[in-house]
Amino acid sequence: MAFQGYHIRVGNTVIPEKYIKYDSLQTTYETLDLDSYRDANGHLHRNALSHRSVKVEFETPYLYHRDMQNLMSIIRNNYVSAKEQSVNLSVYIDELDDYVEQKCYLVNTTWKKAQNSPLGYIYQPTRIAFIGY
């Protein structure tokens, strides 16, 4: 399955591209190791695991309060566990030219308001990140 027109789907809802700042989307399909080590000669002995973990992060553009709340409601409405801030994520992985579906958690987010306006707060670009279990 190749690219299907979206980068990130949270639950059954695609995150609209308007919430992803151009040039900010990064995806990683991380190889996990267990007890890998270097011997006395400096040679690496890797014990790579079959499970790989997804990491996806992006910045929003400047967003009005209502737009930021729309983005966050997409995420919150699809929580598998609100306590863990976990979601089922489908992410396009360039390395595979395919999507990977994985349970991920939302990394703690820092909000910076740029200014207030008649339409509500305007938020500075904000980093949104998910890491797979």
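The values are calculated or read from the model by the stated rules, or taken from the named source; none is laboratory data. Here the structure is a predicted model, which is why all the values come from computation and not from measurement. With ideal geometry, Cβ positions are generated from the backbone for all residues, glycine too; neighbour counts draw on all protein chains shown. Remember, those area values only see protein heavy atoms, side chains included, never the ligands or the DNA or RNA. Shrake-Rupley method; radii C 1.70, N 1.55, O 1.52, S 1.80 Å.
Summary table below
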item: The stretch 83-96, subset modelled with pLDDT of 95 or more and open to solvent by 70 Å² or more (accessible area, probe 1.4 Å), residue nearest to E30 (Cα to Cα); result: N88
item: Qualifying strands (runs of 3 or more DSSP E) (wholly inside the stretch 46-133; at least 3 residues being touching a residue at least 60 places away in the same chain (Cβ under 8 Å)); result: 48-59, 86-93, 98-106, 127-132
item: Residue tally, condition modelled with pLDDT of 95 or more and part of a loop (DSSP other than H, G, I, E, B), over the stretch 23-39; result: 3
item: Hits in the stretch 110-122 (condition: in contact with a helix residue (DSSP H, G or I) (Cβ under 9 Å, 6 or more places away or on another chain) and under 25 Å from K83 (Cα atoms)); result: W111
item: Qualifying residue in the stretch 59-81 (condition: open to solvent by 70 Å² or more (accessible area, probe 1.4 Å), under 21 Å from N108 (Cα atoms) and of a type in the set (A, V, I, L, M, F, W, C)); result: yes
